[in-house]
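A.B. asks: Attaching a single structure in structure tokens format; questions to follow.
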Amino acid sequence: MRIAYDVTPLSHPRTGVGNYVLGALRGMLETAGEEHEVVAFGPVSIRGRSLVDGALDSLHAERRLLTVPFAHATRRAWSLAGRPSTERFVGAFDALHFTDWMYPPQRAGVRATMIHDLGPLHFPEKLHRRTVSMHTANAEQARSCDVVFTNAHYTADDVVATLGISRDRIRVAHPGVDAAFAPDGRRYEHGRPYAFTTATADWRKNLDTLRTAWRGLDDELALVALGDLGYVAPDELPRFYRGASVFVYPSRFEGFGMPVIEAMACGVPCVVSAHPSLDEAAGNAAVRADPEDPQAIAAAVAEAMERREELVPRGHEHARRFTWAETGRIHLQGYAEAS
């Protein structure tokens, strides 16, 4: 099969969605063999083009990238206009996989997309209007797709219940863990023991409740939050995990929760929100806590520190189950079964 794969999320500094897009693409290329060809495509800005090229630098994938001055507007206009078809820029293909950044038209072939989570549909008042608009449009488009990928069974069930998409059209492709996330390597030096969290000011990430919880702990453990550090490149994240005494993920709602398995892979005991959307990421290898209860979070941090010798090997074993090769294999199988 020839697969046109939308990589436009890589035109911005990478966070969760971009990391998944890159990981899934890497996994597909790793498992494709000679029977599949994957083409990375999408309209991107001049600055975005350099970010995409940098992300794809080590991957042997054909690129069909269109550099345009107003990329977001171009993607939106292309999606709404429904022409010209993607084949005009990419050539003939057997499957097209688009992201929530755009829904380009196609003349033929399998139509596929990815739903990372339905948070913007459930909590529109808590998120930026543009984010809600993009995700809502993607969710609507997913209804007409031949195959819809999700990154967790929880999200798959949510897609069925919320969007009415039949379960037989959905494929669960969990994220993988990059090899860089390992116990050995550079460590962030804070000057004293610290807990690390990737929580930010985003309502779902719940940093405010975590700060309240911290007031219930003694001052021996500092709190280092990604939301205070500014943008940290993906290749710099492992050292923050490794240097931490504990990792805390108090999210109110997730699609999967990639930072949880990244932290586990780095050998850090984890405290994870008790929301069911994080069950698959946490497995039986984390201490769980009600994300709305600061006292429960504080108690869970103390428990995770005490149970370090038990949680670290359990977390490492759990994280080993998630590979990008398997993510890619599921994508390729999903396209083939839908054709």
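Laboratory data are not the source of any read-out in this text; all were calculated from the coordinates shown. Every value quoted in this text rests on a predicted model; they were computed, and no experiment measured them. Because the Cβ atoms are built from the backbone with ideal geometry, glycine has one as well, and the counts that use them run over all protein chains shown.
A.B. asks: Charges at C-beta only: +1 for Lys and Arg, -1 for Asp and Glu. How large is the resulting dipole of the range 236-339 about its Cα centre, in Debye rounded to 20?
C.D. replies: Its charge dipole is roughly 320 debye.
A.B. asks: Next up: Between the range 1-50 and the range 183-203, how far is it from one alpha carbon centroid to the other, in angstrom?
C.D. replies: That distance is 29 Å.
A.B. asks: Can you work out D for the range 74-199 in µm² s⁻¹ from Stokes-Einstein, where Rh is the Kirkwood radius over C-alpha pairs, the temperature is 10 °C and the viscosity is 1.306 mPa s?
C.D. replies: After rounding, the answer is 93 µm²/s.
A.B. asks: Considering only Arg308, Arg288, Arg107, give the residue with the highest GNM mean-square fluctuation for the chain, with springs between Cα atoms whenever their separation is below 10 Å.
C.D. replies: Greatest mean-square fluctuation among the candidates belongs to Arg107.
A.B. asks: At a 10 angstrom cut-off on C-beta neighbours, averaged per residue, how do the peptides 166-175, 73-82, 196-205, 43-52 rank from highest to lowest?
C.D. replies: 196-205, 43-52, 166-175, 73-82
A.B. asks: What's log10 of I(q)/I(0) for the range 194-319 at q = 0.12, 0.18, 0.23 Å⁻¹, Debye sum over Cα points only, no solvent?
C.D. replies: The Debye formula, applied to the Cα set alone, gives -0.36, -0.87, -1.54.
A.B. asks: Could you tell me which residue out of Val148, Ser45, Val172 lies farthest along the dipole of the chain toward its positive end? Charges go on the beta carbon: Lys and Arg +1, Asp and Glu -1, centred on the Cα centre.
C.D. replies: Checking the options against the dipole of the chain, the answer is Ser45.
A.B. asks: According to the Cα gyration tensor, what semi-axes, each the square root of 5 times an eigenvalue, does the equivalent ellipsoid of the chain have, listed from largest to smallest in whole Å?
C.D. replies: They are 35, 20, 19 Å, listed from largest to smallest.
A.B. asks: Report ³J(HN,Hα) in whole Hz for each residue of the range 222-231, in order, from the Karplus equation J = 6.51 cos²θ - 1.76 cosθ + 1.60 where θ = phi - 60°; Gly and Pro get x.
C.D. replies: Values per residue, Gly and Pro as x: 6, 10, 9, 10, 4, x, 9, 8, x, 5 Hz.
A.B. asks: Let me ask something else. Let me know the charge dipole size of the chain about its Cα centre in debye, to the nearest 20, where only the beta-carbon of Lys, Arg (+1) and Asp, Glu (-1) is charged.
C.D. replies: 1100
A.B. asks: All other residues with a Cβ under 9 Å from the Cβ of Met102 taken together, and with Lys, Arg as +1 and Asp, Glu as -1, what is their net charge?
C.D. replies: Net charge around Met102: 0.
A.B. asks: To one decimal place, what orientation-averaged projected area in nm² is obtained for the convex hull of the Cα set of the range 1-145?
C.D. replies: 8.4
A.B. asks: Right, next: Do the sum for the chain: with -39,500 (n - 2.57) for every DSSP H run of n ≥ 4, divided by all residues, what is the mean residue ellipticity at 222 nm, to the nearest 500 deg cm²/dmol?
C.D. replies: Computed ellipticity for the chain at 222 nm equals -12000 deg cm²/dmol.
A.B. asks: Okay, next question. Could you tell me which of Ala137, Trp203, His190 has its Cα farthest along the dipole of the chain towards the positive end, charges placed at Cβ (Lys, Arg +1; Asp, Glu -1), taken about the Cα centre?
C.D. replies: Among Ala137, Trp203, His190, the one farthest towards the positive end of the dipole of the chain is Ala137.
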